[in-house]
Every structure is written in structure tokens, then in C-alpha cells.
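For reference, the structure discussed in these notes is given below.
The values are calculated or read from the model by the stated rules, or taken from the named source; none is laboratory data. These figures come from a predicted structure and were not determined experimentally. We place every Cβ from the backbone using ideal geometry, glycine too, and count neighbours over all the protein chains shown. Just so you know, the surface numbers come from the protein's heavy atoms only, side chains and all, with ligands and any DNA or RNA stripped out. Shrake-Rupley method; radii C 1.70, N 1.55, O 1.52, S 1.80 Å.
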Amino acid sequence: MAISSPTPKLRVELAHGVARLLIDNGSKRNAFDLEMWRALPTLMAALEAKADARVIVLSGAPGLPFCSGADISEFLTVRATSGGGRAYEQANVEAFDAISSCSKPTVAAISGFCMGGGMGLASACDLRVAREGTVFGIPAGRLGVGYPPSAMRYVVTAVGAQRAMEMFFTARRLTAREALGAGFLCRLLDQETFEGAVDELAETIAANAPLTLCAAKAAIRAAAQLPNTPTLEECEALAAKCFDSADYMEGRAAFLEKRAPKFTGK
């Protein structure tokens with residue numbers, strides 16, 4: 001069953017265990033508007049419930065950048081007042097939380113621009129890879145925008161406190177190599193092989209044991225003290241569940257038989 005989206009600016013493609021969540025707002029260079037921020041938690045919940053979605057890749061639609069930030073035109077409408085601005089930021093936080101708290105691995109596949117809210121989206125993902133030539137930045141200091149602490153925590157976890165301060169204090173743009181050096185990216189990929197490398201990474205993750213990945217993600221999020229992390233008891237229960245699973249038996253059997261395992265998530 002296909003996953004319908006509340007907005008055509010975000011759409012989902014699912015194949016071979018890989019869910020591609022595509023940002024498709026080409027007329028605004030893939031800027032996020034309020035409709036998109038509000039739609040993202042709904043889509044993440046649908047993917048969470050989809051058993052055959054083993055990994056979620058967030059990226060720009062083909063030919064479009066990752067995300068150039070928030071739709072600036074909304075500063076004159078939904079963000080024109082202080083109350084509207086705070087409500088807008090809350091929608092941002094709920095979108096970031098929906099990505100981070102998803103039990104399944106999430107990958108930000110970044111190309112072109114990753115600015116402002118785009119940095120927040122990418123920071124909320126578990127892994128970040130980028131195409132050579134991508135530009136990163138947070139221009140909040142030039143817009144008078146305040147980031148809530150829970151949203152800021154994702155950025156700080158992704159790049160470290162000092163680099164986060166530099167990005168906010170100067171509002172300067174980082175090159176892809178600087179983002180890699182800061183630890184924001186786990187891989188920097190060639191322009192020509194970017195799409196194929198992202199597919200290979202996602203398919204590799206999708207082939208591994210879902211319960212193990214879920215338990216590992218929960219424990220790592222707890223160790224990193226990200227917002228809305230599972231408790232120690234919940235992390236321990238997820239790890240214990242792995243040993244009671246059919247996938248644990250399959251993994252052992254495949255290892256002994258020297259074949260690739262076929263995991264079911266059960």
C-alpha cells in the first residue's frame with residue numbers, strides 16, 4: 001500500500017526496504033513552508049508503521065537541492081508576529097523530533113544546499129552523506145530568528161558546541177569538506193556516483209536485522225542525550241528482544257552456513 005502525503009511537496013517512494021522521503025518544492029529551491037513542517041510528522045508516523053520500510057532516506061527530489069531552509073516569504077504571513085514565529089518554530093521542533101525518534105535508521109542524502117531548517121532536518125537524521133560541492137549554513141543571525149533549545153541540541157550533537165557557535169555567530173557558509181571535517185557528515189561522495197552510493201548505503205542498512213538496528217539506535221540516542229530518548233529500561237528491553245527473535249536464529253544459521261541472512265524483523 002502506497003503512503004499518501006498531506007502535501008505534494010513531500011512524497012514517499014518505497015522499494016526493496018528503502019523508503020525515499022523526497023522534498024519536492026522546486027519553485028522555492030526546496031525551501032520548507034509551514035504545510036511541509038506539519039506534514040513531516042504524519043509521514044514519519046506512516047513510515048514507522050510500515051513494516052517493509054527498513055530505512056528512511058531524506059533527500060531532495062531528482063534535480064533539486066536538499067533544502068535551502070525555511071520559506072522566507074512566510075516571514076510576512078504566518079511568522080509576521082511573535083506568536084506566529086513561536087508557533088512556526090514549534091512545528092519545526094515537532095518535525096525534527098519525528099525524524100529523530102523514529103525507531104528506524106534515517107539517512108540524510110544531501111546535495112546542493114543544506115541551509116537553516118535544512119541543517120535541522122539533516123541534524124535530526126542518524127546518518128548524513130553529501131555530494132561534493134554542497135553548501136551548509138545557518139543564517140539565523142541575519143534574520144533575527146531564535147532556535148529553541150531542543151532544536152539546537154540536534155545541531156550541537158551533529159557538529160559539536162564550538163562549531164555550532166561559529167555557525168550561528170558568523171552565519172557563514174561551510175563547504176562540504178568543512179562539514180565532513182566537523183563530523184557533520186559520515187561520508188562525502190563524488191558528484192558522479194552520489195545517487196548510486198546512497199542507494200548502496202541504504203540497501204546495505206535495509207539488509208541488516210531490523211530489531212538490532214532499532215535497539216542500537218535507541219541506545220546511541222540515549223547515550224547522546226538527544227531529545228525524547230528512550231529510558232535505560234526501554235533500551236535494555238529492546239536489546240533483550242533481539243535475543244528472543246527469529247532473526248537472531250537466522251543470523252546464527254546464516255553465519256554457520258556461510259550465506260547472506262534473510263531477516264524479517266521478527
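Taken over the alpha carbons of region 20-71 as equal point scatterers, the Debye sum produces base-10 log I(q)/I(0) values at 0.13, 0.14 Å⁻¹ of -0.33, -0.38. Solvent-accessible area per residue in region 159-247 equals 57 Å², computed with a 1.4 angstrom probe and all protein chains kept. Compared with the dominant principal axis of the Cα atoms in the chain, helix 246-257 is inclined by about 60°.
Relative contact order of region 1-156: 21 percent, from C-alpha pairs under 8 Å at least 6 residues apart in sequence.
Against the main long axis of the alpha-carbon atoms of the chain, helix 34-49 sits at an angle near 0°.
Taking amide H as placed 1.01 Å from N in the peptide plane, Ala70 has its amide H under 5 Å from the amide H of Phe32, Gly117, Gly118, each at least 5 places away in sequence or on another chain. Here region 94-234 has 55 percent of its accessible surface on carbon and sulfur atoms, given a 1.4 Å probe and all protein chains in place.
Might you tell me the accessible area per residue for region 1-122, computed with a 1.4 Å probe and given in Å²?
39
Distances between placed amide hydrogens fall under 5 Å for Val55 paired with Ala19, all partners being 5 or more residues away or on another chain. Charge tally around Leu201: other residues with Cβ under 15 Å, Lys/Arg +1 each, Asp/Glu -1 each, net 0. Distance from the C-alpha centroid of region 98-146 to that of region 164-199: 10 Å, rounded to the whole angstrom.
Tell me the relative contact order for region 45-116 as a rounded percent, counting alpha carbon contacts under 8 Å between residues six or more apart.
57
Cross-link partners of Lys217 among lysines, defined as those whose alpha carbon lies under 25 angstrom from its own and excluding same-chain residues fewer than eight positions apart: Lys50, Lys104, Lys241, Lys262, Lys266. Evaluated over the Cα positions of region 144-200, the convex hull gives a direction-averaged projected area, one quarter of its surface, of 5.0 nm².
Close amide H contacts of Val135 (hydrogens built in the peptide plane, cut-off under 5 Å, sequence separation of 5 or more or a different chain): Gly112, Phe113, Cys114. As a ratio to 2.2 N^0.38 Å, the alpha-carbon radius of gyration for the chain is 1.01. Look at the dipole of region 126-266 built from charges on Cβ: of Tyr147, Gly183, Leu211, the Cα furthest out on the positive end belongs to Tyr147.
At full extension, Ala46 and Thr264 could sit 76.6 nm farther apart than now, given 0.36 nm per residue minus the alpha carbon distance. Could you run the Debye sum over the Cα atoms of region 57-96, one equal point scatterer each and no solvent, and tell me log10 of I(q)/I(0) at q = 0.19, 0.29, 0.35 Å⁻¹, two decimals? Each listed q corresponds, in turn, to -0.67, -0.97, -1.11. Among Met152, Met165, Met44, the largest mean-square fluctuation in a Gaussian network model of the chain (Cα springs under 10 Å) belongs to Met165. For the chain, the longest principal axis of the C-alpha atoms and the axis of helix 82-101 are separated by about 20°. Using the Cβ of Glu178 as centre and a radius below 14 Å, the other residues enclosed give a net charge of +3, where K and R count +1 and D and E count -1. The fraction of all Cα pairs in region 201-266 landing in successive 10 Å bins from 0 to the largest distance is 22, 43, 29, 7, 0, given as whole percents. Taking the protein heavy atoms of region 1-75 in the context of the full set of protein chains, the accessible area attributed to carbon and sulfur is 57 percent at 1.4 Å.
Two numbers describe the Cα atoms of region 100-163: Rg and Dmax, which are 12.0, 35 Å.
Could you list log10 I(q)/I(0) for region 112-263 at q = 0.13, 0.14, 0.16, 0.18 Å⁻¹, which the Debye formula gives when each Cα is one point scatterer? Normalising to I(0) and taking log10 leaves -0.74, -0.83, -0.97, -1.09.
Taking every DSSP helix (H) stretch of at least 4 residues in the chain, weighting each as -39,500 (n - 2.57) and dividing the sum by the residue count yields a mean residue ellipticity at 222 nm of -14500 deg cm²/dmol.
Report the Rg/Rh value for region 1-143, based on alpha-carbon coordinates and the Kirkwood definition of Rh.
Working: Rg = 14.4 Å, Rh = 15.1 Å.
The Rg/Rh ratio comes out at 0.95.
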